[in-house]
Amino acid sequence: MALTVVGSLAYDAVETPFGKRDRMLGGAATHFALAASFFDTVHVVGPVGDDFADEDLTILATRGTNVDDVERVAGGKTFFWAGKYSANLNERETLDTQLNVFETFAPKLSQASKDADVLFLANIVPDLQADVRQQCAAAKFVAMDSMNLWIDIARESLEKVIGMVDCLILNDEEIEQLTGAPNLVQAAAKVLEMGPTVVVAKQGKYGAALFTADDHFWVPAYPLETVVDPTGAGDTFAGGFVGTVAAALQGGEQLTEGLLRNAMAYGTALASFNVEEFGTERVARLTAEEIPERVANLRRITSFEDRPVSLRG
Ligand code: AMP
């Protein structure tokens, strides 16, 4: 059983109030795979250029991730993204996006990647997401991310692919932009009408919210004293969330509310490690032993005793 992800493999230049990196390993598929590899065998599908270093391919292959479908484009350059964060890390400005090998990318999946039970379509052109969704006909659970750019310039294709997946994981403002609804509860309900049975709204440092037809569930971000670089937090969250679902489905479990809530906790815990250092640095050397304590703390933070209080009036 396996989990396939298609998305960007990148070099990122990032500046935060705590330092900068001119060129570090990044990309949505990279961050996703590093987190999801704690739960299942991950197959990564995406293009890189001649400049992609062997050491970075080794990092991508951490915890047994299969990199056979990482396509090295001769004469090409790896996708490059540059961003700068505001003083409170709440806002991010994109300074540069160089698509490079992504301009001509046509995903070619090996049979092993096509056979995956679970598929994550990271943020890429919606038509490519739809193409990969069709190639993975056997997938039992398919989740996807996207971004405001595609809502602006490729809405029709985006709506089509949203109708082909089980789960949409998107920033809360983008969910509101996508649906035109004035608040998240209404916006999530509209997405559920578009096809997915699960909607996860990422809310940055405020956490994440889960919506299904029967349930709403909210998890705060893990309370950290120090956040250094939020780049990739959303994809790391998705890796923990989708990875938890993949592991449970493999164990014969059904997609219950309990499972989805647990997936929210693991996604949140994984994302909290990601932001402690730049890029992939922390999650690449994270060990399985370090994760349960944060999940247990999240459970403690979010639970309370329902004691009756005598109310006046
Ligand atoms: P996140 O912080 O979770 O939104 O993910 C940031 C990662 O996404 C970085 O490592 C970037 O390389 C990658 N990224 C940024 N912009 C794009 C884009 N337009 N398409 C695909 N990946 C992107």
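The values are calculated or read from the model by the stated rules, or taken from the named source; none is laboratory data. If you're wondering where the values come from, they're calculated on a predicted model, not measured in any experiment. Quick reminder, even Gly has a Cβ in these numbers, built from the backbone with ideal geometry, and neighbours come from all protein chains shown. Ligands, DNA and RNA are stripped out before the accessible areas are found, and what is left, the full protein with its side chains, is counted by its heavy atoms. Shrake-Rupley method; radii C 1.70, N 1.55, O 1.52, S 1.80 Å.
The table below lists the values:
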{"read-out": "Check on F237, more than 16 Å from the ligand (Cβ to nearest atom), in contact with a Leu (Cβ under 7 Å, 6 or more places away or on another chain), touching a residue at least 24 places away in the same chain (Cβ under 8 Å) and aromatic (F, W, Y)", "value": "no"}
{"read-out": "Filtered residues of the range 1-39 (kept if more than 9 Å from the ligand (Cβ to nearest atom), over 13 Å from F120 (Cα atoms) and more than 15 Å from the chain's Cα centre (by Cα))", "value": "M1, A13, E15, T16, P17, F18, G19, K20, R21, D22, R23"}
{"read-out": "Odd one out for A187 among (1) of a type in the set (A, V, I, L, M); (2) open to solvent by less than 40 Å² (accessible area, probe 1.4 Å); (3) in contact with a strand residue (DSSP E or B) (Cβ under 7 Å, 6 or more places away or on another chain); (4) assigned to a helix (DSSP H, G or I)", "value": "(3)"}
{"read-out": "Subset of the range 24-62 that is of a type outside the set (V, I, T) and part of a strand (DSSP E or B) - its residue that is nearest to T97 (Cα to Cα)", "value": "G26"}
{"read-out": "Any hit, the range 83-93, residues being open to solvent by 30 Å² or more (accessible area, probe 1.4 Å) and touching a Leu at 6+ places or on another chain (Cβ under 9 Å)", "value": "yes"}
{"read-out": "Yes/no for L170 being at pLDDT 95 or above, closer than 17 Å to A28 by Cα, within 12 Å of the ligand (Cβ to nearest atom) and buried (at least 16 other Cβ atoms within 10 Å of the Cβ)", "value": "yes"}
{"read-out": "Residue among L286, L255, L260 that is more than 16 Å from the ligand (Cβ to nearest atom), within 18 Å of V42 (Cβ to Cβ) and modelled with pLDDT of 95 or more", "value": "L286"}
{"read-out": "Hits in the range 1-33 - residues which are closer than 14 Å to D235 by Cα and out of contact with any strand residue (DSSP E or B) (no Cβ under 9 Å at 6 or more places or on another chain)", "value": "H31"}
{"read-out": "So P223, is it outside any helix (DSSP H, G or I), within 16 Å of the ligand (Cβ to nearest atom) and of a type outside the set (F, W, Y)", "value": "no"}
{"read-out": "Members of the range 63-76 found to be open to solvent by 30 Å² or more (accessible area, probe 1.4 Å) and either touching a residue at least 60 places away in the same chain (Cβ under 8 Å) or in a loop (DSSP other than H, G, I, E, B) (or both), listed by number", "value": "N66, V67, D68, V73, A74, G75"}
{"read-out": "Which numbered condition E55 misses (of (1) within 20 Å of L128 (Cβ to Cβ); (2) without any contact (Cβ under 8 Å) to a residue 12 or more places away in the chain)", "value": "(1)"}
{"read-out": "Exclusive hit being in contact (Cβ under 8 Å) with a residue 60 or more places away in the chain and open to solvent by 10 Å² or more (accessible area, probe 1.4 Å), set D22, D96", "value": "D96"}
{"read-out": "Pair list, Cβ under 6 Å, 6 or more apart: the range 111-124 residue among the hydrophobic types (A, V, I, L, M, F, W, C), other residue modelled with pLDDT under 95 and away from the ligand (no atom under 16 Å from the Cβ)", "value": "A116/A2"}
{"read-out": "All positions within the range 267-280 that are touching a residue at least 40 places away in the same chain (Cβ under 8 Å) and either farther than 30 Å from A13 by Cβ or assigned to a helix (DSSP H, G or I) (or both)", "value": "G267, T268, A269, L270, A271, S272, N274"}
{"read-out": "Matching residues in the range 226-251 - criterion: being in a loop (DSSP other than H, G, I, E, B) and buried (at least 24 other Cβ atoms within 10 Å of the Cβ)", "value": "D229, T231, G232"}
